[in-house]
Amino acid sequence: MAAVAQAQETSNVTSIKSLAESPALNSVPSAYAFNINPNDEADPNDPEFAIPIVDMSLLTSGSPDERAKIVGDLVKICEEWGFFIAINHGVPENLMKAMIDACHGFFRLPDEEKREFKSGNDVLEMFKYGTSYNLALDKVLLWRDFFKVRTHPEFYSLYKPASFSEISLEFSKRSREVALEITRAISESLGLGPDYIYNTMNMDRGLQMLAGNYYPPCPQPEHAIGIPHHTDHGLVTLLIQNEMNGLQVEHNGKWLTVNGPKNGFFVNLADQMQILTNGKYKSVMHRATVNNKATRISIAIPHGPSVDTIIAPAPELCEREGQAPKYLAMNYKEYIQLQQSGKNYMKSTFDHIRA
Ligand code: OGA
Ligand code: NI
């Protein structure tokens, strides 16, 4: 009986925003129940959990020695963390803020207007809007609404609110420059030269998306989840947020809440970086928690190979390390489809293609 009532309560929920705004809501409906274990949280004051910071200005305009130092630091960061915060990256603060505001503007549209942006489940839709992750597959509903827009190689945009298109065009271009600079430095850190990843992953036609997440306040934040633990499917993801924290990364077996310099980009390595490096660099597990104070907005900007690229461990690296490839080669588009099929719920897709 209770289960039936619960199902009715949530089956017609079109957005977590509208559910969270219902005045009677004082606990998490059972369809959303997810337990966070507070014992798994890292102590942010422990030096072991000091999040690496990368000063991008030293990569772009430092002396050759300064650049070499950062490239050297990246080896350790990519092996041990797969995560860092990029500062002095050149994307103007007012553009980052305008992008967050434009996202907020979209989520504030009435539900019936946002519904215009619903689409099928193909990963390469121009854009999509929804709640949770995939209502047909989700075992537990997620405390978030989202949109996703493809911004490269062809640029698409939401057409509401009116300012969205112009802001997202500029923001996605500038963020792509940051992601490519990071990619060059990582490529160099592998001893493969700065253009190796760009060239072999066909990044001139590389997939870039702009993914907005809306996490409204939750009455019992420890009993719900924004996005459960996962790794991203591309090469490198940049992320910005409004003034609320919530992103957690897994480091040395603990969950660490990312709390960093304002205006930095949170940068996580993703699956293609782990596959390309034959496991040397780490696609970091991460998740989004929710809070009971204020709405959190985050924008993830994943960057990947072109969708037709055959992804596989770099032969040059395997040879140098005397290792057999640990992952099977496959087409990047198929990899994304595998990730989104739900077969790898709360697992990394690369676990599915181990050689
Ligand atoms: C994602 C993601 C985390 C966050 O969108 O893939 O990991 O903090 N988001 O919103
Ligand atoms: Ni992610």
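General remarks:
- Some residue of the range 238-253 being away from ligand 2 (no atom under 13 Å from the Cβ), of a type in the set (D, E, K, R), touching a residue at least 12 places away in the same chain (Cβ under 8 Å) and not in a loop (DSSP other than H, G, I, E, B): no
- Filtering the range 167-174 for residues that are of a type outside the set (A, V, I, L, M) and not in a helix (DSSP H, G or I) leaves an empty set.
- Members of the range 266-296 found to be hydrophobic (A, V, I, L, M, F, W, C) and either closer than 22 Å to Arg354 by Cα or surrounded by 21 or more Cβ atoms within 10 Å (Cβ to Cβ) (or both), listed by number: Phe266, Val267, Leu269, Ala270, Met273, Ile275, Leu276, Val284, Met285, Ala288, Val290
- Restricting attention to the range 278-301, the residues that are of a type in the set (Gly, Ala, Ser), away from ligand 2 (no atom under 12 Å from the Cβ) and closer than 30 Å to Glu316 by Cα add up to 1.
- Every condition in (1) on the phi > 0 side of the Ramachandran plot; (2) at pLDDT below 95 holds for Asn252 except the one numbered (2).
Yes or no, residue by residue, for (1) in a loop (DSSP other than H, G, I, E, B); (2) in contact (Cβ under 8 Å) with a residue 12 or more places away in the chain:
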residue	(1), (2)
Ala300	no, yes
Pro305	yes, yes
Leu338	no, yes
Lys343	yes, no
Met346	yes, yes
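- The residues on offer are Leu141, Leu124, Leu74, and the sole one that is closer than 14 Å to Ser15 by Cβ and either surrounded by fewer than 16 Cβ atoms within 10 Å (Cβ to Cβ) or of a type outside the set (Phe, Trp, Tyr) (or both) is Leu141.
- Single unsatisfied condition, Thr349 versus (1) closer than 24 Å to Arg184 by Cα; (2) under 18 Å from the mean Cα position of the chain (by Cα); (3) not small (Gly, Ala, Ser): (1)
The values are calculated or read from the model by the stated rules, or taken from the named source; none is laboratory data. Keep in mind that what you see is a predicted model, and the values were worked out from it rather than measured. For neighbour counting, all protein chains shown are included, and Cβ atoms are generated from backbone atoms with ideal geometry for every residue, glycine included.
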